[in-house]
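Chemist: The structure that follows is given in the form of structure tokens.
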Amino acid sequence: MSGFDKVVNSYEEAMAGLDNDMTVIAGGFGLCGIPEGCIAQIKRMGVKGLTVVSNNCGVDGFGLGVLLEDKQVKKMISSYVGENALFMKQLLEGELEVELTPQGTLAEKMRAGGAGIPAFYTATGYGTLVGEGKDVREFNGRNYILEESITGDFAIVKGWKADRYGNVIYRHTAQNFNPMAATAGKITVVEVEEIVEPGELDPSQIHTPGIYVDRLIQGTFEKRIEQRTVREA
Amino acid sequence: MALSREQMAMRVARELQDGYYVNLGIGIPTLVANYIPDGMEVMLQSENGLLGMGQFPTEDEVDADMINAGKQTVTAVTGASIFSSAESFAMIRGGHVDLTVLGAFEVDVAGNIASYMIPGKLIKGMGGAMDLVAGADNIIVLMTHASKHGESKLLTKCSLPLTGAGCIKKVLTDLAYLEIADGKFHLIERAPGVSVEEIIEKTEGELVVPDHVPEMTF
């Protein structure tokens, strides 16, 4: 690696420095746009006690769900979980903690975290369990709760294409939480389907500028579909 | 007769207007997309980051990178846009979505809604529901009037953990269309053949009944 070249050639290198009890922010919505290779590497490394920030926690045997198999996750910060039996089992047995966070608040926590904003007020969750114990303030006659932003030791991100400088483009709805996650990691690792040379991507079409990206790796992806729904041709 | 799921969706579809951006929740609300009046243009917002959600794909069109908020494979209509989750919830929380239709377990006379959690049962999370009810001004709740055991879901006070406080003004059930104002339910329309007495009996919260309650027609 030299200059702005962010490319690494192995997942060992991509995830080097990840340790027990760290916080990992992951992009993805359901199984769409998830950093499959980074997740697999975290499983191989066997680090434990992780706090994982992700909208969902995969399914049994795929996505972040594989990190539950060896009890690597201590806490999930998510908006919707429990599509996997193992997740519910560990939750009910007290081996796993979950902090349910409204989806928009979760996205904004990552965005704010990456933008150096420590907290923000939102109407979402006021008057509900989510708002309990949080500061309330009235603006223009409406009540808002104070939500703290999130940053991670690592952010793991799935892009479509990137140039060697780490300028990333996402594909379709595989974008989801990935751009916010990319901004909120002390070390941001992006895996993509294709790495191109600087200059090959239109600068005005970049979703995640390379300044946020520390390590870039080209991966191969299964892209499993959670709910395959089709109509007659 | 109580409304069928399809009739409930048809009735809500009459609230659509040309040029509306609409978010439809999972379940019966999704069916509203089947009854958009001919000649009317409506864009469906899917909170995972798609404005202009289209039909399910054909087998050949299936793309793992194109899903909706229910994680189903979908297509995009001509003129759609795709963006991040933060952008998506900026639209929702910033009040830019014209109509939100979602399901619920309970609604009360104060406009509170409970829709995401039944204590003691599996807890899966609120997803985007808390953002949707807090951010939208024009929300229609679609649900059955009473539980399978006959217990009213239109209450003086919600018994389940809230999704949002004081944010619901319109409810369509299988028996009636109601509005919430001044701490009361107001009966606006009734399902064809459903008596005002039955609606009164199945509404636990205070209900204002006008002299004439028109029947819905389909």
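The values are calculated or read from the model by the stated rules, or taken from the named source; none is laboratory data. Quantities reported herein were computed from a predicted structural model and do not represent experimental measurements. Cβ coordinates were reconstructed from backbone atoms using ideal geometry, including for glycine residues, and neighbour counts include every protein chain displayed. When the accessible area is computed, the model is the full protein with side chains, heavy atoms only, and any ligands, DNA or RNA have been set aside. Shrake-Rupley method; radii C 1.70, N 1.55, O 1.52, S 1.80 Å.
Chemist: Can you tell me which of B:V97, B:V77, B:V62 is open to solvent by 40 Å² or more (accessible area, probe 1.4 Å), within 14 Å of chain A (Cβ to nearest Cβ) and touching a strand residue (DSSP E or B) at 6+ places or on another chain (Cβ under 7 Å)?
Modeler: Details: B:V97 fails: open to solvent by 40 Å² or more (accessible area, probe 1.4 Å); B:V62 fails: open to solvent by 40 Å² or more (accessible area, probe 1.4 Å).
So the residue among B:V97, B:V77, B:V62 that is open to solvent by 40 Å² or more (accessible area, probe 1.4 Å), within 14 Å of chain A (Cβ to nearest Cβ) and touching a strand residue (DSSP E or B) at 6+ places or on another chain (Cβ under 7 Å) is B:V77.
Chemist: Here's a follow-up. Condition (residue is assigned to a helix (DSSP H, G or I), hydrophobic (A, V, I, L, M, F, W, C) and farther than 19 Å from A:G27 by Cβ) applied to the range B:13-30: is it met by at least one residue?
Modeler: yes
Chemist: Pick out, from the range B:76-190, the strands (runs of 3 or more DSSP E) lying fully within it that include 1 or more residues that are farther than 30 Å from A:L91 by Cβ and among the β-branched types (V, I, T).
Modeler: Values: elements: B:76-82, B:99-103, B:106-108, B:139-142, B:170-172, B:176-181, B:184-190.
So the answer is B:76-82, B:99-103, B:139-142, B:170-172, B:176-181, B:184-190.
Chemist: Restricting the range A:132-142 to residues that are part of a strand (DSSP E or B) and over 29 Å from the mean Cα position of the chain (by Cα), which is farthest from A:K186 (Cα to Cα)?
Modeler: Of all residues in the range A:132-142, those part of a strand (DSSP E or B) come to A:136-139, A:142.
Subset that is over 29 Å from the mean Cα position of the chain (by Cα): A:137-139, A:142.
Values: A:R137: 31, A:E138: 34, A:F139: 33, A:R142: 35 Å.
If we take residues in the range A:132-142 being part of a strand (DSSP E or B) and over 29 Å from the mean Cα position of the chain (by Cα), then A:R142 is farthest from A:K186 (Cα to Cα).
Chemist: Restricting to the range B:185-218, what's the tally of residues that are aliphatic (A, V, I, L, M) and more than 23 Å from B:M10 (Cβ to Cβ)? Explain how you work it out, then say what you get.
Modeler: Residues of the range B:185-218 that are aliphatic (A, V, I, L, M), as a first pass: B:187-188, B:191, B:194, B:196, B:199-200, B:207-209, B:213, B:216.
Keeping just the survivors that are more than 23 Å from B:M10 (Cβ to Cβ) gives B:200, B:207-209.
Result for the range B:185-218: 4.
Chemist: Kindly indicate which of A:I150, A:I195, A:I145 is under 17 Å from the mean Cα position of the chain (by Cα) and either part of a loop (DSSP other than H, G, I, E, B) or buried (at least 16 other Cβ atoms within 10 Å of the Cβ) (or both).
Modeler: On the way: A:I195 fails: under 17 Å from the mean Cα position of the chain (by Cα); A:I145 fails: under 17 Å from the mean Cα position of the chain (by Cα).
A:I150 is the lone residue from the list that is under 17 Å from the mean Cα position of the chain (by Cα) and either part of a loop (DSSP other than H, G, I, E, B) or buried (at least 16 other Cβ atoms within 10 Å of the Cβ) (or both).
Chemist: May I pose another question? Go through the range A:58-93 residue by residue and tally those that are closer than 25 Å to B:G120 by Cβ and within 12 Å of chain B (Cβ to nearest Cβ).
Modeler: 16
Chemist: Search the range A:222-233 for residues that are open to solvent by 100 Å² or more (accessible area, probe 1.4 Å) and pair each with any residue that is of a type outside the set (D, E) and not in a loop (DSSP other than H, G, I, E, B) when their beta-carbon atoms are under 6 Å apart and the residues are at least 6 apart or on different chains.
Modeler: Correct list of pairs: A:R228/B:T73.
Chemist: Oh, and also: Select, from A:T183, A:T173, A:T188, the only residue that is within 13 Å of chain B (Cβ to nearest Cβ), open to solvent by less than 10 Å² (accessible area, probe 1.4 Å) and not small (G, A, S). Talk me through it step by step, then tell me what you get.
Modeler: Working: A:T183 fails: open to solvent by less than 10 Å² (accessible area, probe 1.4 Å); A:T188 fails: within 13 Å of chain B (Cβ to nearest Cβ).
One residue alone meets the criteria, A:T173.
Chemist: Another question about this same structure. Just for strands (runs of 3 or more DSSP E) wholly inside the range A:1-94: which have at least 2 residues that are within 26 Å of A:A107 (Cα to Cα), free of Cβ contacts under 8 Å to residues at least 60 places away in the same chain and not aliphatic (A, V, I, L, M)? Talk me through it step by step, then tell me what you get.
Modeler: Details: elements: A:23-26, A:50-53, A:73-78.
Here the list reads A:73-78.
Chemist: Within the range B:134-189, count every residue that is within 15 Å of B:F105 (Cα to Cα), among the β-branched types (V, I, T) and away from chain A (no Cβ under 14 Å).
Modeler: 6
Chemist: Let me ask something else about it. Can you spot a residue in the range A:157-179 that is free of Cβ contacts under 8 Å to residues at least 24 places away in the same chain, more than 15 Å from the chain's Cα centre (by Cα) and either at positive phi or assigned to a strand (DSSP E or B) (or both)?
Modeler: yes
Chemist: Within 12 Å of chain A (Cβ to nearest Cβ), open to solvent by 20 Å² or more (accessible area, probe 1.4 Å) and assigned to a loop (DSSP other than H, G, I, E, B): is that true of B:G39 in this structure?
Modeler: It is false that B:G39 is within 12 Å of chain A (Cβ to nearest Cβ), open to solvent by 20 Å² or more (accessible area, probe 1.4 Å) and assigned to a loop (DSSP other than H, G, I, E, B).
Chemist: A:G30 is checked against (1) out of contact with any Cys (no Cβ under 8 Å at 6 or more places or on another chain); (2) within 21 Å of A:N167 (Cα to Cα) and fails just one. What number does that condition carry?
Modeler: (2) is the only condition that A:G30 fails.
Chemist: Out of the range A:64-81, which residues are open to solvent by less than 10 Å² (accessible area, probe 1.4 Å) and over 23 Å from A:D19 (Cα atoms)?
Modeler: Just the residues of the range A:64-81 that are open to solvent by less than 10 Å² (accessible area, probe 1.4 Å), to begin with: A:65, A:67-68, A:72-73, A:76, A:78-79, A:81.
If the condition is that a residue be open to solvent by less than 10 Å² (accessible area, probe 1.4 Å) and over 23 Å from A:D19 (Cα atoms), then A:S79, A:V81 are the ones that fit.
Chemist: Among what's in the range A:94-121 and is out of contact with any strand residue (DSSP E or B) (no Cβ under 8 Å at 6 or more places or on another chain) and surrounded by fewer than 23 Cβ atoms within 10 Å (Cβ to Cβ), pick the residue that is nearest to the other protein chains (Cβ to nearest Cβ).
Modeler: Once the filter is applied, the top-ranked residue is A:A115.
Chemist: Continuing with the same structure: Limited to the range B:100-122, what total is found for residues that are open to solvent by 20 Å² or more (accessible area, probe 1.4 Å), within 12 Å of another protein chain (Cβ to nearest Cβ) and either in contact with a helix residue (DSSP H, G or I) (Cβ under 8 Å, 6 or more places away or on another chain) or in contact (Cβ under 8 Å) with a residue 12 or more places away in the chain (or both)?
Modeler: Number of matching residues: 7.
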